[in-house]
Amino acid sequence: MAEMLTIPDLKDKAVLITGASTGIGAALARAFAAQGAKVGLHYNSSADQARTVADEIAAAGGSVKLIQGDVSRPEELERVVEEAAAALGGLDGLINNAGAMIGRVNYADATSEYYDQVMDLNARSVIIASRIAFAHMKAKGGFIINTSSIAARNGALGGAGIYGSAKAFVSNATRGMAKEFIPYGIRVNAVSPGVITTPFQERYSTPEGLEAIRKGIPMGRLGTAEDCVGAYLFLASEMLSGYVIGQTLEVNGGQLMP
């Protein structure tokens, strides 16, 4: 769908997508490139996967720059955003998509070290990347889209509680940044995916657990990375969502309804 639909105002936009080597991020990199955007494809450890996605984009005639860095480390994340702005000739958009559960750990067993790892990767990274991107966009406007999660609203059982809490932070930070940044023409929103069949779920869930979840989804299936793409394209486009700020779009097949 993303490749067939043309959104004119996304052409030539310089967009940094963090965590874009696999899953939702990779689907977004392909989709934005297909719209004619200049894509900064960030990755950390998944170098081979990132190069594969970049090669696919380039083969299709798209514009892409690979940028490596650990977004849980503030100094590296600052470099990633600055490097993207330099490579792309500025920034028109930032998609804060990098994140991970680190591991399934119950609240009762969560150490300070585990808490820091989860929050640094999923929450603090959003604040730092957005702060650096803001400096590049404040004179001309742009967009920031944060990736939240259904775990931010459903309590995130099974040892995913701190991850869910980090994503709840992201959802609330989205609203706060939207208020602060809109005077500069920067629209901030979020997308909250449900259970999506990506390497994330392969790492942290069992087939039996995913099947149990599937049975409770009104649409009768788990989501795909491609199911999420349209929400991001919509929020990135001034033409389509110019009066939309501070919102979190739920993409979950009806598993959780506001």
**OP:** With θ set to phi - 60°, apply the Karplus curve 6.51 cos²θ - 1.76 cosθ + 1.60 along the stretch 38-45 and write out the HN-Hα couplings as whole Hz, x wherever there is a Gly or Pro.
**Re:** 8, 9, x, 9, 8, 8, 10, 9
Original post:
Cβ under 10 Å from residue 62's Cβ, residue 62 left aside: what net charge do those residues give with Lys, Arg +1 and Asp, Glu -1?
Top reply: +1
**OP:** Would you grab the residues whose amide H sits under 5 Å from the one on residue 64? Only those 5+ places off in sequence or on another chain, please, with H modelled 1.01 Å from N.
**Re:** 39
Original post:
Taking θ as phi - 60°, what are the ³J(HN,Hα) couplings along the stretch 247-255 by the Karplus curve (6.51, -1.76, 1.60), each to the nearest whole Hz, with x for Gly and Pro?
Top reply: 9, 10, 8, 8, 10, 9, x, x, 4
**OP:** Search the structure for amide H atoms under 5 Å from the amide H of residue 187, placed 1.01 Å from N in the peptide plane, and list their residues when 5 or more places away or on another chain.
**Re:** 142, 143, 144
Original post:
Rounded, prolate or oblate: which one fits the stretch 1-107, using the alpha carbon gyration tensor with axes a ≥ b ≥ c (rounded when a/c is under 1.5, else prolate when a/b beats b/c, else oblate)?
Top reply: prolate
Subject >> Spin-label proximity, residue 75 to the stretch 98-124 - amide N less than 19 Å from point 7 Å beyond Cα toward beta carbon >> reply: 117, 120-121, 124
Original post:
Nearest 20 debye, what's the magnitude of the dipole of the stretch 165-258 about its Cα centre given +1 on Lys and Arg Cβ and -1 on Asp and Glu Cβ?
Top reply: 200
**OP:** Would you please give the residues with an amide H less than 5 Å from that of residue 248, counting only those at least 5 places away or on a separate chain, with H modeled from the backbone geometry?
**Re:** 190
Subject >> Among (1) 18.1; (2) 18.8; (3) 21.3, the entry that matches Kirkwood radius over Cα pairs in Å as calculated here >> reply: (1)
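Grab the DSSP H runs of the chain that are 4 residues or longer, score each as -39,500 (n - 2.57), total them, divide by all residues and round the 222 nm result to the nearest 500 deg cm²/dmol.
So the helix-based figure for the chain works out to -13500 deg cm²/dmol.
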**OP:** With a 10 Å radius around each residue's Cβ, average the other Cβ atoms per peptide and rank 160-172, 26-38, 176-188, highest first.
**Re:** 26-38, 160-172, 176-188
Original post:
Using a Förster distance of 51 Å, how high is the FRET efficiency between residue 114 and residue 5, based on the Cβ-Cβ distance and rounded to 0.05?
Top reply: 0.80
Original post:
Taking the Cβ of residue 26 as the center, what net charge do the other residues with Cβ under 11 Å away carry, scoring Lys and Arg +1 and Asp and Glu -1?
Top reply: -1
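For a quick check: sort 132, 95 by the number of other beta carbons within 10 angstrom, fewest at the front.
Result, fewest neighbours first: 132, 95.
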**OP:** Sketch the reach of a paramagnetic label on residue 106 as a point 7 Å from Cα along Cα-to-Cβ, and name the residues of the stretch 146-169 whose backbone nitrogen lies under 20 Å away.
**Re:** 154-166
Subject >> Nearby lysines by direct alpha-carbon distance to residue 38 (threshold 20 angstrom, same-chain neighbours under 8 apart not counted) >> reply: 11, 13, 65, 138, 140
Original post:
How far, in nm, would the chain grow between residue 226 and residue 214 when pulled straight, counting 0.36 nm per residue and subtracting the alpha carbon separation?
Top reply: 2.6 nm
Subject >> Residue of 110, 231, 190 that the Gaussian network model of the chain assigns the largest fluctuation, springs spanning Cα pairs under 10 Å >> reply: 110
Original post:
Which whole-number percent is the relative contact order of the stretch 8-248 (Cα, under 8 Å, 6+ apart)?
Top reply: 19
Subject >> Derived scalar couplings ³J(HN,Hα) [the stretch 84-89; Karplus, 6.51 cos²θ - 1.76 cosθ + 1.60; whole Hz; x for Gly, Pro] >> reply: 5, 4, 5, 6, 9, x
Original post:
Where does helix 125-137 land angle-wise versus the long Cα axis of the chain, in degrees 0 to 90, nearest 10?
Top reply: 10
Subject >> Cα-based helix-to-principal-axis angle, 47-59 vs the chain, degrees rounded to 10 >> reply: 40
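Since every read-out is calculated from the coordinates, none of them should be taken as a lab result. Computed from a predicted model, the values in this text were never measured in an experiment. Reconstructed Cβ throughout: ideal geometry from the backbone, glycine too, with neighbour counts over all protein chains shown.
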